[in-house]
1. What residue, among those in the range 48-63 that are in contact with a helix residue (DSSP H, G or I) (Cβ under 9 Å, 6 or more places away or on another chain) and within 14 Å of Pro75 (Cα to Cα), is surrounded by the most Cβ atoms within 10 Å (Cβ to Cβ)?
2. Of Ile15, Ile20, Ile73, which residue is surrounded by 15 or more Cβ atoms within 10 Å (Cβ to Cβ) and in contact with a Gly (Cβ under 7 Å, 6 or more places away or on another chain)?
3. If you scan the range 1-12, which residues turn out to be among the hydroxyl-bearing types (Ser, Thr, Tyr), more than 9 Å from the chain's Cα centre (by Cα) and in a strand (DSSP E or B)?
4. Could you look through the range 13-24, keep only residues that are over 11 Å from Ala72 (Cβ atoms) and either touching a Pro at 6+ places or on another chain (Cβ under 6 Å) or not in a strand (DSSP E or B) (or both), and pick out the one that is modelled with the highest pLDDT?
5. Tell me, which residue of the range 30-80 that is small (Gly, Ala, Ser) and touching a residue at least 40 places away in the same chain (Cβ under 8 Å) is nearest to Ala14 (Cα to Cα)?
6. Take the residues in the range 28-41 that are modelled with pLDDT of 95 or more and small (Gly, Ala, Ser), then tell me which one is surrounded by the fewest Cβ atoms within 10 Å (Cβ to Cβ).
Amino acid sequence: MTVTVLLFASYADAIGQREIPLDLPNGSTVGEAVRRIREMAGATQLPAAPLVAVNEEYARADRALAAGDEMAIIPPVAGG
């Protein structure tokens, strides 16, 4: 199955892409997808457990993904 991973700000800059089509085995979880992204060149800034949303809803690492899902990895935001 393929999911679309969206990256923002420093994560997109580090990996060099804002959108990644990610092929995963059926039944894969958010945590497994994050591990696959962390294996990419430049992904050292990505924490082991980043804030993630699937289809615009926050998701835990054990959430199962489905073909066509959109998974956003959200960097920390500072305000002031």
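1. Per the stated criteria, the residue is Val52.
2. Ile15 is the lone residue from the list that is surrounded by 15 or more Cβ atoms within 10 Å (Cβ to Cβ) and in contact with a Gly (Cβ under 7 Å, 6 or more places away or on another chain).
3. Listed by number, the list holds a single entry, Thr2.
4. Among them, the one singled out is Leu24.
5. Once the filter is applied, the top-ranked residue is Ala72.
6. In this case the residue turns out to be Gly31.
The values are calculated or read from the model by the stated rules, or taken from the named source; none is laboratory data. The structure presented is a predicted model; accordingly, all values stated were derived computationally and were not measured. Glycine also receives a Cβ, built like all others from the backbone with ideal geometry; neighbour counts cover every protein chain displayed.
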